[in-house]
Amino acid sequence: MSHVLLENAQKRVNNIFCIGRNYAAHIEELKNEMPSETVLFTKPNSAILRSGGEIRLPAFGGDVHFETELVLLVGKDSDGLAEGESWQTLIAGYGVGLDLTARDVQGRLKEKGLPWLKAKGFRGSACVSDFVAADKLPNPDNCTFTLHIDGGLRQKGETVLMIHPPAELVGELAAVFGLREGDLIFTGTPEGVGKLSSGSRLQLDLAGLVKAEFTVV
């Protein structure tokens, strides 16, 4: 099973939950409709690619996009938050990641009303940094994360602009599906997504606390 690092300790990855359409400007740039409820999908844990890895573009997709996101690492099991329980008690750490999307494949599947799994869940499509302990990011509701490609800034996310903030996401996931230790939550991407090209070098940063690097081959 795949694993990530939390303060240099290995943590096994369980489920990977992903949130779509969580920033208004990203919805606008892709000309999607504003959803009436949270858009949820999953990736297999075989999709995990840790910092330093090589992104291998799938042969079946000719238009693979990067989507930079704040990622939450769940630290304990929950079948729903108790009254007065803070969502942050469930989170062990924070990182930054990429939800890679074969956009051309996704478009064809959406037109047919079919699931997106092939477009979202291929090997290496869930790129993640190492994780910092939750107490090192005291205000996840108002922090920034960035993506640079070949030295140029391509995305800058501000979590204060999320349509569904972390508290809402964690509460909903715990109540509907149940959360388990080792689950990852990709919280959605801001505007600025674009196509990956072979040979590019990607640098991710979360609030100056943790960084990640990937090379497209």
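The values are calculated or read from the model by the stated rules, or taken from the named source; none is laboratory data. The structure displayed is predicted, hence computed values, not measured ones. Virtual Cβ from ideal backbone geometry, glycine too; neighbours counted across all protein chains shown.
Brief remarks follow.
- The test for being in contact (Cβ under 8 Å) with a residue 12 or more places away in the chain, of a type outside the set (Gly, Ala, Ser) and assigned to a strand (DSSP E or B) holds for Thr146.
- Selection of region 129-143 for residues being more than 27 Å from Leu196 (Cβ to Cβ), touching a residue at least 40 places away in the same chain (Cβ under 8 Å) and either part of a strand (DSSP E or B) or out of contact with any Leu (no Cβ under 9 Å at 6 or more places or on another chain) (or both) yields only Ala133.
- Selection of region 126-153 for residues being charged (D, E, K, R) and buried (at least 17 other Cβ atoms within 10 Å of the Cβ) yields only Asp130.
- Qualifying positions in region 162-184 - under 22 Å from Glu83 (Cβ atoms) and among the hydrophobic types (A, V, I, L, M, F, W, C): Ala167, Leu169, Val170, Leu173, Ala174, Ala175, Val176, Phe177, Leu179
- Verdict on Ala25 being of a type in the set (A, V, I, L, M, F, W, C) and out of contact with any helix residue (DSSP H, G or I) (no Cβ under 7 Å at 6 or more places or on another chain): yes
- Residue in region 200-207 that is touching a Lys or Arg at 6+ places or on another chain (Cβ under 6 Å) and farther than 19 Å from Glu69 by Cα present: no
- Checking Leu169, Leu202 one by one, the residue that is in contact (Cβ under 8 Å) with a residue 60 or more places away in the chain and assigned to a helix (DSSP H, G or I) is Leu169 and no other.
Condition check ((1) surrounded by fewer than 20 Cβ atoms within 10 Å (Cβ to Cβ); (2) of a type in the set (Gly, Ala, Ser); (3) modelled with pLDDT of 95 or more) across all residues:
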site: Val4; (1), (2), (3): no, no, yes
site: Gly52; (1), (2), (3): yes, yes, yes
site: Arg56; (1), (2), (3): yes, no, yes
site: Leu72; (1), (2), (3): no, no, yes
site: Ala82; (1), (2), (3): yes, yes, no
site: Tyr94; (1), (2), (3): no, no, yes
site: Val105; (1), (2), (3): no, no, yes
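- Failed condition for Glu191, given (1) touching a residue at least 24 places away in the same chain (Cβ under 8 Å); (2) surrounded by fewer than 17 Cβ atoms within 10 Å (Cβ to Cβ); (3) part of a strand (DSSP E or B): (3)
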